[in-house]
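K.L.:
Following this message is one structure expressed as structure tokens.
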Amino acid sequence: MALPPSAHPVSSGSPSSSRGAARIFSGLLEARTGQILSESRAWRMETALKPVLRAQGLADMDALASRLMGRKDAALENDVVNALLNNESSFFRDLQIFDMIHRHILPHIHARRSDRTLRIWSAGCSTGQEVYSLAIQLCNDMARWRGWRIEILATDISTAAIDQAKAGIFTQMDVQRGLPVGDLLKWFEPAGDDWCAHAALRQMIDFRTDNLFDARAPMGEYDLLLCRNVLLYFTPERRQSVLSLLARHSHAGSVLLLGAGETVIGHSDDFVPHAEFRGGYGRRANAAAHAGGVLRRAL
């Protein structure tokens, strides 16, 4: 397990306190995902790790940290990282954003794309509610998109989140958070006490486990890019890196959507506030032309 120096306890032996254990878990999370564990997330670390402790038969965080440091266990490391990642999501989260996508952004793309291809990338898709919401919007408006090739890529570093997203299984509490009853009955079917997304929705989306700092899944350029509530977990340098990646996979007409508390200002020269879509970002004209040429040569 390659950890940054700050992740190791002060003493040279096994961690002797919960503080030392917390530094090890935080270091592992940063090394694997680039995410910095903020105070608001660190306080719930023990609660988040309880399922891992139970599965391993361990008494506390110190014992878990000792096991991590004592031997290489990729599966255990993965379980710890998955537990610490914030996979908070909901259907049609920030309804005004989805209203703007439906009423303005998608019609704007439809009018511009002469090749009748729509490409969407959700970077940091969590358990999939965001992209399932987009797929529902598209299916409900299929008259507009008939004859188009629609590609939706959804990536997240959490293997557990991607597994759930691929399965399309959501609890009653999940579907009650933002999903209109009409869409629930139209696009989901009961699965015991849960709900399962129809195959028509699942087949529209390509879910991939991927790391934004070593991205393998995205290919070419996307018309709509969503990276919402992801950048806030990174250092300024890593935000620049992620925005640079998004820029490489966008074009002059692309629209980028970030979370409400996120911005490109001070982090990227490639994107500027979009002239038409409030809260969205478009490519700076000269940056888009340069990046497009570089990307085409690379492909």
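The values are calculated or read from the model by the stated rules, or taken from the named source; none is laboratory data. Predicted, not measured: the structure shown is a model, and the values here were computed from it. Glycine also receives a Cβ, built like all others from the backbone with ideal geometry; neighbour counts cover every protein chain displayed. Calculation scope for accessible area: heavy atoms of the full protein, side chains included, ligands and nucleic acids excluded. Shrake-Rupley method; radii C 1.70, N 1.55, O 1.52, S 1.80 Å.
K.L.:
Rounded to the nearest whole Å², what accessible area per residue is found for the chain with the 1.4 Å probe?
P.N.:
48
K.L.:
Additional query: Per the 1.4 Å probe, what fraction of the accessible area of segment 113-164, in percent, lies on carbon and sulfur atoms?
P.N.:
45
K.L.:
In whole Hz and in residue order, list the ³J(HN,Hα) couplings for segment 167-175 that follow from phi through the Karplus curve 6.51 cos²θ - 1.76 cosθ + 1.60, θ = phi - 60°; x for Gly and Pro.
P.N.:
Computed from phi, the couplings for segment 167-175 are 5, x, 9, 10, 6, 4, 5, 4, 6 Hz.
K.L.:
Rounded to the nearest 0.05, what FRET efficiency do Ala74 and Glu46 have when you use their Cβ-Cβ distance and R0 = 22 Å?
P.N.:
Calculated transfer efficiency: 0.45.
K.L.:
Still on this model: Roll a 1.4 Å probe over the protein heavy atoms and report the accessible area of Cys139 in Å², nearest 10.
P.N.:
It works out to around 20 Å².
K.L.:
So how far, in whole Å, is the C-alpha centre of segment 259-284 from the one of segment 172-216?
P.N.:
28
K.L.:
Same structure, new question: Of all the Cα-Cα pairs you can form in segment 40-159, what percent are over 25 Å apart?
P.N.:
45
K.L.:
Could you work out the local net charge near Pro218, counting Lys and Arg as +1, Asp and Glu as -1, over the other residues with Cβ closer than 14 Å to its Cβ?
P.N.:
Neighbourhood net charge equals -3.
K.L.:
Which net charge results when you count Lys and Arg as +1 and Asp and Glu as -1 among the other residues whose beta-carbon is under 15 Å from that of Gly57?
P.N.:
Here the count lands on -1.
K.L.:
Label the chain by shape, choosing from rounded, prolate and oblate, from the square roots a ≥ b ≥ c of the eigenvalues of the Cα gyration tensor; if a/c is under 1.5 it is rounded, and otherwise prolate applies when a/b is larger than b/c, oblate when it is not.
P.N.:
Because a/c hits 1.5 or more and a/b fails to exceed b/c, the chain counts as oblate.
K.L.:
Please give, to one decimal in nm, the separation of the simple spin-label points placed at Glu189 and Arg67, each 7 Å out from Cα toward the Cβ.
P.N.:
Distance between label points: 3.9 nm.
K.L.:
Please list the radius of gyration and Dmax for segment 18-84, considering alpha-carbon atoms only, with Å as the unit.
P.N.:
10.7, 30
K.L.:
Next question. Could you compute the longest span of the chain free of GluC sites (Glu not before Pro) located in DSSP loops and having at most 12 other Cβ atoms within 10 Å, not counting the site residues?
P.N.:
89-275
K.L.:
While we're here: With the full set of protein chains in place, find how many percent of the accessible area of segment 18-84 is carbon and sulfur; take the probe as 1.4 Å.
P.N.:
Exposed carbon and sulfur together represent 49 percent of the surface.
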